[in-house]
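Novice: Structure below; questions to follow.
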Amino acid sequence: MQYLSASSTAGVLLDLAGAAILLLAFACLASKLFNRYVVYYGAQSWVLSFAAGTSAAAFHSTELWILAGLTLAIKGTAIPVAARRVLMARLALRRDAAMSAGLSTSLVAGGALTAFAYLVTRPVLLPHGTAAAAVVPLSTAVILLGALTMVLRRHTVAQLIGWLIVENGVFLGAITLVATFPFIVEAAIFLDIVAGVLIMIVFVSGLTRQLAQASAGELKELRG
Amino acid sequence: MTALGIIIALAPLTGSAAALAGARARFSALALAAGAAAALGGTITLLVMLSGGRPLEGWDGFLYADSLSGFFLMTVSGVTLLAALGSVSYIGAQEDNGELSSFQVKLYFTFFGAFAALMLASLESGNLGLLFVLIEASTLVSAALVGLEGRARSLEAAWKYVIISSLGVTIALAGTLFLFYSASTLHTGSNLALTWPYLLKHAAALTPQSLRLAFLLATVGYGTKVGLAPMHTWLPDAHSEAPSPASAMLSAALLNTGMYAIIRFLAIAHARLGGTYPRAVLLSFGFASIVIGALLMVRKGNFKRLFAYSSVEHMGIIAVALGFGGALGLYGALLQVLTHALAKAVLFLTSGDVSLRYKTREAGDVSGLLAAVPVTGGALLLGSFAVLGSPPFGVFLSELTIVRAGFARGSPVFPLLLLALLGVAFFGFARTITGMVTGGPPRPAPAAAPVPGSPYRDRATAAVTVVPLVLGLTVLLVLGLWIPAGLDTVLAHSATVIG
């Protein structure tokens with residue numbers, strides 16, 4: 001399999017895109033407003049689409065171009081718009097008050113997870129000097145930050161956004177680590193995400209109608 | 001042969017088709033049962049054809065079935081048949097007494113059929129990426145079943161289920177990526193490269209570091225679906241809130257599908273890394289699950305949650321058996337998959353009958369079942385003994401095999417620990433169940449006294465309730481006394497696939 005070198009133009013661009021995606025995940029973690037979550041997620045998806053385009057140009061891969069387009073259309077546009085129209089506007093969501101930890105604590109934890117991601121992935125797994133060696137730690141960190149968002153935020157909408165950030169992290173890893181992942185599989189993964197978001201939106205609205213506020217922290221009837 | 005594979009996966013969609021065409025609950029359930037029976041028949045045909053040794057392959061490895069897939073297909077389609085038969089009376093009765101609207105009934109059967117079809121399809125795919133896609137899709141579809149009743153509790157359970165499982169499966173996808181990456185020295189330009197038979201054949205060329213990470217991530221990820229502790233937290237909620245036949249599907253079919261995915265990763269990891277690392281991972285998660293499942297069972301409460309904790313425990317036992325390894329351990333693990341699935345399907349179906357009659361899911365509110373409803377009470381008692389591993393039922397044989405495999409490995413610590421934990425589980429489970437089965441009817445006659453009369457519209461419906469229970473228990477009993485030669489061959493051959 002071919003590798004992009006870290007010093008090639010495409011490698012540098014991918015690295016930059018990865019860093020931007022990580023920063024946007026941090027921005028999400030540091031925010032308290034629901035519409036910010038959606039804005040940051042949308043922006044992250046746009047950068048991800050740019051990264052997929054870069055990878056497509058470098059590998060001359062039509063399939064990756066299609067994926068870049070799909071990312072832009074679905075993750076960058078359709079999901080944020082749907083989230084705003086169906087969730088934010090209808091449920092009148094503004095401030096997210098349901099947090100298990102303060103913002104500064106969240107950020108410190110996020111920083112620690114980022115360091116951990118570098119520690120785990122960088123030295124052993126990846127050949128030096130490749131773009132993957134630079135980007136995979138970033139994507140691992142994004143996965144961990146998304147999971148952290150899901151853990152620290154108790155509101156269902158925030159958890160949904162956290163899952164989507166995790167998904168973006170995996171996708172960033174996919175386009176740099178294994179640019180030749182079978183296309184049908186990638187396309188089907190997209191389908192899953194869309195179906196997942198739809199079904200989650202149904203549950204979130206249903207729960208919100210049942211409870212005054214659909215905060216998972218207030219979902220206390222069932223205990224593990 | 002390719003056609004046979006497709007028929008097996010599509011057969012349960014008969015239930016969805018009937019429901020979408022507007023059929024009533026009974027007819028949809030019977031259509032579903034017919035589809036499941038066709039899938040089961042097709043699977044057995046497939047297993048006979050596979051005994052020649054050549055696996056079923058097609059479409060660049062997207063379609064792949066060997067005896068291991070065949071064995072899981074048989075388990076899942078068998079459970080689907082039992083659960084579909086259980087739906088005839090359970091959903092039928094709920095439709096009659098107005099607890100479910102016709103829209104909910106339609107939703108139930110549409111998603112039930114799709115759920116079964118997706119699980120069967122995922123067992124037939126050799127492509128690990130597609131495996132992820134299908135398992136994630138089955139999560140989404142079954143979430144609708146969990147949240148079917150639309151109350152705050154069931155929506156909460158469905159939300160927990162869908163969000164935790166989706167996150168878990170996404171982690172498994174990351175594991176799949178690392179597995180694919182570990183194969184980067186191979187020619188990975190084609191779809192074939194992400195199929196597990198190809199990776200298994202070329203295991204020597206995989207990079208051990210990323211393979212190790214891949215196996216760990218896949219075990220954590222798919223382990224979330226299996227309900228291995230500490231990723232099990234969604235499981236008791238989802239199992240207790242879903243309609244009982246759907247709980248049977250979750251516990252006896254879905255968890256096993258997740259286990260199948262772990263087994264595929266295990267085979268590759270075992271071929272390259274040797275036994276030590278995968279064994280350590282599986283034994284840790286397995287024992288954690290058994291401990292947590294057994295301890296939670298001691299508390300008395302909702303009986304459907306009790307069965308769910310028992311599922312956590314049993315999935316732990318299977319993981320431990322895979323960790324013990326060797327021909328004996330793998331044989332025991334697979335046998336346990338089948339016997340646990342049958343026993344748990346029977347238990348969840350009886351729980352459906354009990355909750356229809358007593359209008360409660362609290363074990364403390366139910367007593368005198370054996371006197372009031374002898375067949376259900378008897379099935380509950382026998383099913384409980386079966387699931388706890390008492391002779392002469394099949395679970396006894398599989399657990400005995402697993403313990404023997406543990407001793408065969410040398411150190412007696414793990415098998416002895418396993419036996420002790422099984423004892424704790426036995427105590428907790430039996431305490432609750434005997435309280436439900438024995439004694440007279442609940443004395444102060446609270447709101448949860450048995451509803452006078454039968455919850456079923458007519459005698460025929462009430463009679464159908466019994467069919468899956470008797471069917472499941474009979475097969476369990478037979479498996480405890482005698483393993484048919486054909487099944488023995490399939491199990492032994494599947495064990496060699498794993499390593």
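Novice: Name the residue, out of B:129, B:150, that is at the interface with chain A (Cβ under 10 Å from one of its Cβ atoms), modelled with pLDDT under 90, in contact with a helix residue (DSSP H, G or I) (Cβ under 9 Å, 6 or more places away or on another chain) and not in a helix (DSSP H, G or I). Spell out how you get there, then give the answer.
Specialist: Numbers: B:129 fails: not in a helix (DSSP H, G or I).
Answer to the selection: B:150.
Novice: Something else: Being out of contact with any Cys (no Cβ under 7 Å at 6 or more places or on another chain) and touching a residue at least 40 places away in the same chain (Cβ under 8 Å) narrows it down to one of B:203, B:193, B:144, so name that one.
Specialist: Details: B:193 fails: touching a residue at least 40 places away in the same chain (Cβ under 8 Å); B:144 fails: touching a residue at least 40 places away in the same chain (Cβ under 8 Å).
Of the residues listed, the single one that is out of contact with any Cys (no Cβ under 7 Å at 6 or more places or on another chain) and touching a residue at least 40 places away in the same chain (Cβ under 8 Å) is B:203.
Novice: Taking the stretch B:386-396 on its own, how many of its residues are surrounded by fewer than 22 Cβ atoms within 10 Å (Cβ to Cβ) and assigned to a helix (DSSP H, G or I)?
Specialist: 1
Novice: Now for a separate question. Anything in the stretch B:268-295 that is under 26 Å from residue B:236 (Cβ atoms), buried (at least 20 other Cβ atoms within 10 Å of the Cβ) and either at pLDDT below 90 or not aliphatic (A, V, I, L, M) (or both)? List them, or say none.
Specialist: B:285, B:286, B:287, B:289, B:293
Novice: Also: Which of the residues belonging to the stretch B:348-374 are of a type in the set (A, V, I, L, M, F, W, C) and either buried (at least 24 other Cβ atoms within 10 Å of the Cβ) or out of contact with any strand residue (DSSP E or B) (no Cβ under 9 Å at 6 or more places or on another chain) (or both)?
Specialist: Once the filter is applied, which keeps residues that are of a type in the set (A, V, I, L, M, F, W, C) and either buried (at least 24 other Cβ atoms within 10 Å of the Cβ) or out of contact with any strand residue (DSSP E or B) (no Cβ under 9 Å at 6 or more places or on another chain) (or both), the stretch B:348-374 yields B:348, B:349, B:354, B:356, B:366, B:369, B:370, B:371, B:372, B:373.
Novice: I would also like to ask the following. Any residue at all in the stretch A:60-70 that is in a helix (DSSP H, G or I) and free of Cβ contacts under 8 Å to residues at least 12 places away in the same chain? Spell out how you get there, then give the answer.
Specialist: First, pick out the residues of the stretch A:60-70 that are in a helix (DSSP H, G or I): A:62-70.
Retained after the next criterion (residues that are free of Cβ contacts under 8 Å to residues at least 12 places away in the same chain): A:62.
Yes; the residues of the stretch A:60-70 include at least one that is in a helix (DSSP H, G or I) and free of Cβ contacts under 8 Å to residues at least 12 places away in the same chain.
Novice: While we're here: Out of the residues in the stretch B:233-267 that are of a type in the set (Gly, Ala, Ser) and within 10 Å of the chain's Cα centre (by Cα), state the one that is surrounded by the most Cβ atoms within 10 Å (Cβ to Cβ).
Specialist: Ranking the qualifying residues of the stretch B:233-267, first place goes to B:248.
A quick yes/no check of all residues on (1) out of contact with any Gly (no Cβ under 8 Å at 6 or more places or on another chain); (2) surrounded by fewer than 24 Cβ atoms within 10 Å (Cβ to Cβ); (3) of a type in the set (A, V, I, L, M):
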{"residue": "B:66", "(1), (2), (3)": "yes, yes, no"}
{"residue": "B:70", "(1), (2), (3)": "yes, no, no"}
{"residue": "B:81", "(1), (2), (3)": "yes, no, yes"}
{"residue": "B:85", "(1), (2), (3)": "yes, no, yes"}
{"residue": "B:95", "(1), (2), (3)": "yes, yes, no"}
{"residue": "B:107", "(1), (2), (3)": "yes, yes, yes"}
{"residue": "B:113", "(1), (2), (3)": "no, no, no"}
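Novice: Looking at this structure, is residue A:174 within 29 Å of residue A:195 (Cα to Cα), within 12 Å of chain B (Cβ to nearest Cβ), free of Cβ contacts under 8 Å to residues at least 24 places away in the same chain and not in a loop (DSSP other than H, G, I, E, B)?
Specialist: Values: within 29 Å of residue A:195 (Cα to Cα): yes; within 12 Å of chain B (Cβ to nearest Cβ): yes; free of Cβ contacts under 8 Å to residues at least 24 places away in the same chain: yes; not in a loop (DSSP other than H, G, I, E, B): yes.
Yes: the conditions hold for residue A:174.
Novice: I need the full set of residues from the stretch A:18-44 which are touching a Pro at 6+ places or on another chain (Cβ under 8 Å) and surrounded by fewer than 22 Cβ atoms within 10 Å (Cβ to Cβ), in order please. Reasoning before the result, please.
Specialist: Narrowing the stretch A:18-44 to residues touching a Pro at 6+ places or on another chain (Cβ under 8 Å): A:38-39, A:41-42.
A:39, A:42, listed by residue number.
Novice: Can you list residue pairs whose Cβ atoms sit under 9 Å apart, with the first residue in the stretch B:483-499 being within 19 Å of residue B:263 (Cα to Cα) and the second being among the acidic types (Asp, Glu) and part of a loop (DSSP other than H, G, I, E, B)? Count only pairs 6 or more apart in sequence or on different chains.
Specialist: B:493/B:66; B:494/B:66; B:497/B:66
Novice: Filter the stretch B:19-34 for residues that are assigned to a helix (DSSP H, G or I) and modelled with pLDDT under 90 and give the result. I'd like the intermediate steps shown before the answer.
Specialist: Filtering the stretch B:19-34 down to residues assigned to a helix (DSSP H, G or I) leaves B:19-20, B:25-34.
Within the stretch B:19-34, B:19, B:20, B:25, B:26, B:27 qualify.
Novice: Of B:134, B:173, which residue is hydrophobic (A, V, I, L, M, F, W, C), more than 18 Å from the chain's Cα centre (by Cα) and within 9 Å of chain A (Cβ to nearest Cβ)? Working first, answer last.
Specialist: Working: B:134 fails: more than 18 Å from the chain's Cα centre (by Cα).
Just one listed residue meets the conditions, B:173.
Novice: Follow-up. Regarding residue B:37, is this residue within 16 Å of residue B:87 (Cα to Cα) and outside any helix (DSSP H, G or I)? So that I can check it myself, show each step before the final result.
Specialist: Working: within 16 Å of residue B:87 (Cα to Cα): yes; outside any helix (DSSP H, G or I): no.
For residue B:37, the condition - within 16 Å of residue B:87 (Cα to Cα) and outside any helix (DSSP H, G or I) - is not met.
Novice: Going by the conditions given, is residue B:91 farther than 30 Å from residue B:459 by Cβ and in a helix (DSSP H, G or I)?
Specialist: On the way: farther than 30 Å from residue B:459 by Cβ: no; in a helix (DSSP H, G or I): yes.
No, not satisfied.
Novice: Would you mind telling me which numbered condition in (1) among the β-branched types (Val, Ile, Thr); (2) away from chain B (no Cβ under 14 Å); (3) more than 18 Å from the chain's Cα centre (by Cα) residue A:39 fails?
Specialist: Of everything listed in (1) among the β-branched types (Val, Ile, Thr); (2) away from chain B (no Cβ under 14 Å); (3) more than 18 Å from the chain's Cα centre (by Cα), residue A:39 misses just condition (3).
Novice: With a cut-off of at least 1 residues that are basic (Lys, Arg) and in contact (Cβ under 8 Å) with a residue 40 or more places away in the chain, name the helices (runs of 4 or more DSSP H) lying wholly within the stretch B:232-320. Before the answer, list the steps.
Specialist: Details: elements: B:234-241, B:244-249, B:255-273, B:276-298.
Once the helices (runs of 4 or more DSSP H) in the stretch B:232-320 are filtered for at least 1 residues that are basic (Lys, Arg) and in contact (Cβ under 8 Å) with a residue 40 or more places away in the chain, what remains is B:255-273, B:276-298.
Novice: Checking residue B:394 against (1) touching a residue at least 60 places away in the same chain (Cβ under 8 Å); (2) over 20 Å from residue B:472 (Cβ atoms); (3) not β-branched (Val, Ile, Thr), which test does it fail?
Specialist: Condition not satisfied by residue B:394: (2).
Novice: Here is a further query. For the stretch B:196-205, state whether one or more residues are more than 16 Å from the chain's Cα centre (by Cα), within 14 Å of chain A (Cβ to nearest Cβ) and basic (Lys, Arg).
Specialist: Step one: of the stretch B:196-205, the residues more than 16 Å from the chain's Cα centre (by Cα) are B:196-205.
Then keep just the ones that are within 14 Å of chain A (Cβ to nearest Cβ); that gives B:196, B:198-199, B:202, B:205.
With the extra rule that they be basic (Lys, Arg), the set shrinks to none.
Within the stretch B:196-205 (the criterion being more than 16 Å from the chain's Cα centre (by Cα), within 14 Å of chain A (Cβ to nearest Cβ) and basic (Lys, Arg)), the answer is no, since none of the residues qualifies.
Novice: Given the conditions (1) part of a helix (DSSP H, G or I); (2) within 16 Å of the chain's Cα centre (by Cα), and given that residue A:31 satisfies all but one, which numbered condition is not satisfied?
Specialist: So residue A:31 meets the others, but not (1).
Novice: Something else now. Scan the stretch B:217-255 for residues that are farther than 22 Å from residue B:122 by Cα and within 11 Å of chain A (Cβ to nearest Cβ) and report the count.
Specialist: Narrowing the stretch B:217-255 to residues farther than 22 Å from residue B:122 by Cα: B:229-230, B:233, B:236-237, B:240-244.
With within 11 Å of chain A (Cβ to nearest Cβ) added as a condition, the list becomes B:229-230, B:233, B:236-237, B:240-241.
Count: 7.
Novice: Next up: I'm trying to understand the selection: among the residues of the stretch A:108-122, which are away from chain B (no Cβ under 14 Å), touching a helix residue (DSSP H, G or I) at 6+ places or on another chain (Cβ under 7 Å) and β-branched (Val, Ile, Thr)?
Specialist: So in the stretch A:108-122, the residues away from chain B (no Cβ under 14 Å) come out as A:108-115, A:118.
Imposing the further condition that a residue be touching a helix residue (DSSP H, G or I) at 6+ places or on another chain (Cβ under 7 Å) reduces the set to A:109-110, A:113-114, A:118.
Hit for the stretch A:108-122 is A:114, nothing else.
Novice: Here's another thing I want to ask about it. Is it fair to say residue B:123 is more than 11 Å from chain A (Cβ to nearest Cβ), surrounded by fewer than 24 Cβ atoms within 10 Å (Cβ to Cβ) and touching a residue at least 12 places away in the same chain (Cβ under 8 Å)?
Specialist: Details: more than 11 Å from chain A (Cβ to nearest Cβ): yes; surrounded by fewer than 24 Cβ atoms within 10 Å (Cβ to Cβ): no; touching a residue at least 12 places away in the same chain (Cβ under 8 Å): yes.
Spelling it out, it is not the case that residue B:123 is more than 11 Å from chain A (Cβ to nearest Cβ), surrounded by fewer than 24 Cβ atoms within 10 Å (Cβ to Cβ) and touching a residue at least 12 places away in the same chain (Cβ under 8 Å).
The values are calculated or read from the model by the stated rules, or taken from the named source; none is laboratory data. As the structure is a prediction and not an experimental result, all values here were calculated from the model. Glycine also receives a Cβ, built like all others from the backbone with ideal geometry; neighbour counts cover every protein chain displayed.
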